[in-house]
Every structure is written in structure tokens, then in C-alpha cells.
Amino acid sequence: MTALVAFEEIRGRRLAAEIVTMGGDPRAPGAEAVVGAVTLFAVLMLAAVATTFAAGAAYLTWLVRARRANKAANPSGPVLAAWLLPGINLIAPVMLVDEVWRGARPPFDRRGRWLALVGAWWLSWLTAVALVAIRLPLRDSTGDLTGLSGLELGAAAVAALLCACTVREITRIQTAPARLPRLTPAIP
């Protein structure tokens, strides 16, 4: 996504204008002059799509394994449903990640810190999705190839960083030498 935003800023707007003047005809005069830039743009798009799918697959694989580390009988179906079913995917993933954290038997005094982290991650994720899925189509992006800007890139970067922090937190607890008792307040 960073490369796409950089390409958009450096060459994309000019390339879009050149394509418009040719009427999109690959045989138009001057079309050969933009072949390299169009090819680079296509490669960047394919790389962005491929890395997005790879990151999603890696995350879902980690989440399934993290759930099974807490309880071996946990099926993978709820993980896929939580992320892929429209509407449900707006709230279920964050609840699922919180369930995995609680199942890892973290120290009770870290609950507030965890809720702040997971809440910030989910809010930033929803913001990134909204910017791309809702704002981008409504934006007047005439003269742009993708419509992506630093705003969408920033939101996605914050969401990715916070997601990595949640993964690290859960993994750290699950791989600690001695797992603590379940998350319950001490009874005086």
C-alpha cells in the first residue's frame, strides 16, 4: 500500500491524465510511452493484493493456532466466520481475540491495558476499512489511479502495528514458562 500511495503521488495522477487523453486505447499515439508506468502500476497492484491475502492468511492461521493452544478442541470454523461473514465481521473478531487472550490465562492486573490495546486496534482497523470501503468510492478521485492517499495508508499502518501488538501480547502469555491461573479476581 505504501508503494501504491507513493506511485500515486509521484506518477499516478500524471499517468491517469495521459491515459484519459488517449481514450484508454492501447494503440493510440503515445500509448507506448506509458507502457512502463502502466506495467509498474499493475505490478504494484498485484503485490498489494498478494501481500494483503498473505497477511490475512497468516493472521487467521495464527489465530486458529492460538485458540487451539488454549484448548485443543477449539474448531477453526468460528475464526473464519468471525472474519468473513458480513455484519458479524464488524464485532466478532475483536471478541474472538479477547477470548483468546482471556483463555491464555494472563495476569488479572493487565486486563485494563489489554482492553485499551485491543480496543485501539479494532477502532483503527474499522477506521482503515471505512476509509477504503466507504470514503474512497465517495471521493472525487478524477485524475487518480487508486484514490489512495496518506490518510488511508496511515490508518492501515496504525491498525497493522496495533494488530501486531495484540499478536505479540497473546503469544508472549501463551509461551511464558509457567502459565498463570485463569483470569479471575482474587477473593479476599
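The values are calculated or read from the model by the stated rules, or taken from the named source; none is laboratory data. The structure displayed is predicted, hence computed values, not measured ones. No Cβ is skipped: glycine too gets one built from the backbone with ideal geometry, and neighbour counts run over all protein chains shown. With ligands, DNA and RNA removed, areas are computed over all heavy atoms of the protein, side chains included. Shrake-Rupley method; radii C 1.70, N 1.55, O 1.52, S 1.80 Å.
Computed from label points 7 Å out along Cα-Cβ, the spacing between Thr171 and Thr61 is 1.2 nm.
Look at [x] 30, 20, 14; [y] 44, 16, 14; [z] 81, 25, 10: the one that is semi-axes √(5λ) of the Cα gyration tensor in Å derived from this structure is [y]. Taking only protein heavy atoms and a 1.4 Å probe, the accessible area of the chain is 70% carbon and sulfur.
The relative contact order of the range 21-136, computed from alpha carbon pairs under 8 Å that lie at least 6 residues apart in sequence, is 14 percent.
Given their separation in residues at 0.36 nm each and the Cα-Cα distance between them, Ala164 and Ala48 gain 39.9 nm when the chain is fully extended. The length gained by stretching the chain between Asp109 and Ala157 to full extension, at 0.36 nm per residue less their Cα-Cα distance, is 14.4 nm. Between Arg68 and Val38, the FRET efficiency estimated from the beta carbon spacing at R0 = 41 angstrom works out to 0.35. Result for the chain in a Gaussian network model with C-alpha springs under 10 Å: among Pro107, Pro29, Pro137, the largest mean-square fluctuation is at Pro29.
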